Amino acid sequence: MTNLYEELVKHITENQNQFYRAAYYYVKSREAALDVVQNAICKALENYEKLQVKEAMPSWFYRILINEALMYLRKEKKYIAWDETDNDFLEGSFEEPAYEPKIEVKEKIADLPTEMQVVIQLHFFEDKTLKEVSEITNTNLNTVKSRLYAACKRLGKELEAEDDTLRTRYKKAREKEQKLAEEA
């Protein structure tokens with residue numbers, strides 16, 4: 001075994017939870033996420049000689065992992081979507097019970113095109129820099145920036161529209177409440 005191979009094994013071992021979480025984001029199933037990670041590990045270990053510099057290892061492995069997840073989805077003819085019944089991996093997920101309907105950012109992200117979802121996932125949920133996202137997705141840095149900007153702009157508009165709807169409902173409910181109070 002070469003030093004690079006050992007470094008790859010160490011990298012995989014130290015970051016296995018992060019890789020599982022990233023795979024789960026795409027496939028929405030514990031078993032499928034484990035399969036995706038396992039396949040990515042096998043491919044990486046089989047092809048470690050193609051890795052030219054140790055510093056590129058994190059991006060290189062993420063690219064393999066994401067490609068495996070997307071390949072799984074194509075095989076299964078599934079699309080990236082949030083599974084409401086199995087989202088315990090989202091630590092600290094916040095819900096405000098006072099709002100009806102609930103504003104759920106994750107549902108809005110799931111409505112974005114896959115390319116935008118990947119950028120959002122890697123940048124905001126996996127704390128990758130835009131340069132790292134560019135390397136992982138093998139996409140031009142300016143393209144990554146424009147996808148992130150477009151995704152945030154679209155999410156902002158959708159959330160703002162939903163917020164306006166909630167404000168209108170709240171205002172109407174308050175007016176109705178006041179009218180009933182005045183009549184009493």
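The values are calculated or read from the model by the stated rules, or taken from the named source; none is laboratory data. Please read these numbers as outputs of a predicted model, since none were measured by experiment. All Cβ positions, glycine included, derive from the backbone under ideal geometry; neighbour counts span all protein chains shown.
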### Query
Can you name the residue in the stretch 166-178 that is closer than 20 Å to LYS108 by Cβ and surrounded by 12 or more Cβ atoms within 10 Å (Cβ to Cβ) and, of all such residues, is farthest from the chain's Cα centre (by Cα)?
ARG169
### Task
Sort out for me the helices (runs of 4 or more DSSP H) sitting completely within the stretch 65-184 that have 2 or more residues that are more than 30 Å from HIS11 (Cα to Cα) and at pLDDT 80 or above.
141-183
#### Entry: ALA44 within 22 Å of ASN138 (Cα to Cα), outside the structural domain of VAL133 (by TED's automatic domain parsing) and in contact with an Asp or Glu (Cβ under 7 Å, 6 or more places away or on another chain)
no
